[in-house]
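Undergrad: One structure follows; several queries about it will come next.
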Amino acid sequence: MEEKTGIDPEVKNRLLKQLENGSIGELIKKTAELYEERDAFLVVTSELDIQFGVSYRDFCENIYRIAGFIRERFSSNKHIALKGANSFEWVCLYLGIIISGNIAVLLNKDDEGETLEKELKKTDSDIMLTSGEKNTGSSIPVYHFREFITEAVAHDELIPDQKCDSSRICTLIGTSGTTGERKYCMLTEKGILQSALNLCHAVPSDVHGYAISILPFFHSYSLSCGIIYQLIEGNTTVIGVPDSSLMAAINHFYPAYLIFVPSLLFALRFYLNSLSKEESNLVRNNIRTVFCGGAPLTAEMAEWYAGNKIELITGYGMTECAPIIAVHSRTNFDPYSVGCICKAFEYRIVDGELEVRGPQIMKGYYGDEKSTQAVFHDGWLRTGDLVRLDAQNRLIITGRRKNIIVLSNGENISPEEIENILMSNPGIGYCRIWGKENSIIVDIYSGVYSDDEVYRIVLKANGLLPAYKSIKRINILKTMPDTVELGKVKRIEY
């Protein structure tokens, strides 16, 4: 168990102020000066044995050596694709690419064959770095993570300090929402930093501790909350935990911070209930904060965590905004909202839809001017989310504009409203509401209940809905279906 120590608020505030208009390079250097010998990363084996730790000071030196090597080898403004599972090497290469003045293209680790070649062409990638096989059949040069880093850290020269334009595009990161092909958001250094700073202002780490995330770093939520935020806060990110060993890792390292999606909240809840009271309390008492994003959270789950005195912080965002738009603070949590809109944003609500503008919003979709023009309106980004504000100015998401089901009788129905009712039962693992003619249909999966019990749950939900929104047909699924983007429901295109 790591010894947890407090953070001097004045020192912390000075760091945040310095980073407001800073760069990724300044983040790495200033955290090295502030946290010095504290471990920035702890790398573990699949059996959860510690391979090595890397201090903030050594991490900074490694990143600047890698950046110097990349600059010498490839010059600058190249599109360098990064493809691999979460690893310390992935983090080093990502930050090294940015500091070297190049642009990181974040690919899905599972992209292979024709899909991989398609994404490389779509992003005009010049070089690819991968943790997998180098022989991909790609037409561009391919380098293996470990071999590349071994050569880079032996490089004699660190990249020299230089004035950096933090508004430059530094990252192309994929988003497909819940329908359609992947588009690549052009994010800036300032935008990526600002997203993490939003979290720092709302939820400052009052203790240094271990942080664990098994969510893919090539997703903006995991990148912002699982890497950049943890570096700013001086925490130690544990890397290498297999998905199947997450609960064992929590019981082994007693992390202070967990970066989750709703399905992992259910898994942790189940796990804690399976432990003895003494073991469960030991794990709970060491968890300072569980962050949850990527998909909607049920009020029932939030209330369970509150009742068990585990701090749960939820928020709202989109890849186009790097991604954090709204987040709860420790003193203003409400399970029915996603928190207050961050101060870095201007916002307005137009015909029920949230529109935002601010420094962290993407420059557009790479190579897709049509989609870019469709999502921006007079400089405002249309989020596509239907919202309202409560009396405390907290944001409540009521649905997605493009998901609205229009029945043949003219009724408009938000599928999320019905899905949230069904998902409030912790035994329901998945559901998707869709419409056909005058009927509302649900595809539903439970790994817990019998078919008869699922039918009863749906009928109970119908009792809470007006007649025109009631579910007319139930498709009970035998396996959990594939979902997109951290557990979001994949919508049927009409």
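The values are calculated or read from the model by the stated rules, or taken from the named source; none is laboratory data. These numbers come from a predicted model, not from an experiment. So basically every Cβ, Gly included, is an ideal-geometry build from the backbone, and we count neighbours across all protein chains shown.
Undergrad: Determine whether residue 361 is touching a helix residue (DSSP H, G or I) at 6+ places or on another chain (Cβ under 6 Å), of a type in the set (Val, Ile, Thr) and part of a loop (DSSP other than H, G, I, E, B).
TA: yes
Undergrad: Tally the residues that are of a type in the set (A, V, I, L, M, F, W, C), more than 14 Å from residue 249 (Cα to Cα) and crowded, with 16+ Cβ neighbours inside 10 Å, restricting the search to the range 26-59.
TA: Looking only at that region, the number is 8.
Undergrad: How many residues are aliphatic (A, V, I, L, M), in a helix (DSSP H, G or I), in contact with a Ser or Thr (Cβ under 9 Å, 6 or more places away or on another chain) and under 23 Å from residue 246 (Cβ atoms) if we restrict to the range 283-340?
TA: 2
Undergrad: Still on this structure, I have one more. Filter the range 417-437 for residues that are out of contact with any helix residue (DSSP H, G or I) (no Cβ under 9 Å at 6 or more places or on another chain) and either buried (at least 22 other Cβ atoms within 10 Å of the Cβ) or at negative phi (or both) and give the result.
TA: Hits for the range 417-437 are 419, 436.
Undergrad: Now for a different question. Only one residue in 89, 119, 133, 114 is among the acidic types (Asp, Glu) and in contact with a strand residue (DSSP E or B) (Cβ under 8 Å, 6 or more places away or on another chain), so which one is that?
TA: Every option except 119 fails the conditions.
Undergrad: Filter the range 430-459 down to residues that are basic (Lys, Arg) and farther than 17 Å from residue 417 by Cβ and give me whichever is modelled with the highest pLDDT.
TA: 456
For (1) on the phi > 0 side of the Ramachandran plot; (2) in contact with a helix residue (DSSP H, G or I) (Cβ under 9 Å, 6 or more places away or on another chain), each residue gets a yes or a no:
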{"position": "94", "(1), (2)": "no, yes"}
{"position": "97", "(1), (2)": "no, yes"}
{"position": "101", "(1), (2)": "yes, yes"}
{"position": "108", "(1), (2)": "no, yes"}
{"position": "114", "(1), (2)": "no, no"}
{"position": "123", "(1), (2)": "no, no"}
{"position": "128", "(1), (2)": "no, yes"}
{"position": "135", "(1), (2)": "no, no"}
{"position": "157", "(1), (2)": "no, yes"}
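Undergrad: In the range 59-102, how many are assigned to a helix (DSSP H, G or I) and touching a Leu at 6+ places or on another chain (Cβ under 8 Å)?
TA: 11
Undergrad: In the range 280-302, how many residues are crowded, with 18+ Cβ neighbours inside 10 Å and free of Cβ contacts under 8 Å to residues at least 60 places away in the same chain?
TA: The qualifying residues number 6.
Undergrad: Among the listed residues 260, 253, 266, 218, identify the single one that is among the aromatic types (Phe, Trp, Tyr) and closer than 20 Å to residue 106 by Cα.
TA: 218
Undergrad: So which residues in the range 79-102 are farther than 21 Å from residue 135 by Cα and more than 20 Å from the chain's Cα centre (by Cα)? Can you show your working first?
TA: Step one: of the range 79-102, the residues farther than 21 Å from residue 135 by Cα are 88, 91-92, 94-102.
The answer is 96, 97, 99, 100, 101, 102.
Undergrad: Filter the range 217-229 down to residues that are within 15 Å of residue 92 (Cα to Cα) and part of a loop (DSSP other than H, G, I, E, B), then give me how many there are.
TA: 2
Undergrad: I've got another one for you. Could you list all residues from the range 250-292 that are touching a strand residue (DSSP E or B) at 6+ places or on another chain (Cβ under 8 Å) and under 14 Å from residue 209 (Cα atoms)?
TA: 250, 253, 254, 255, 256, 257, 258, 259, 287, 288, 289, 290
Undergrad: Checking the condition β-branched (Val, Ile, Thr), within 30 Å of residue 419 (Cβ to Cβ) and assigned to a loop (DSSP other than H, G, I, E, B), which residue from 214, 250, 159 passes? Before you say what the answer is, go through the steps one by one.
TA: Working: 250 fails: assigned to a loop (DSSP other than H, G, I, E, B); 159 fails: within 30 Å of residue 419 (Cβ to Cβ).
214 is the lone residue from the list that is β-branched (Val, Ile, Thr), within 30 Å of residue 419 (Cβ to Cβ) and assigned to a loop (DSSP other than H, G, I, E, B).
For every residue, the table says whether it meets (1) at pLDDT 95 or above; (2) in the same structural domain as residue 328 (by TED's automatic domain parsing); (3) on the phi > 0 side of the Ramachandran plot; (4) within 17 Å of the chain's Cα centre (by Cα).
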position	(1), (2), (3), (4)
244	no, yes, no, no
256	yes, yes, no, no
259	yes, yes, no, yes
267	no, yes, no, no
275	no, yes, no, no
293	no, yes, no, yes
299	no, yes, no, no
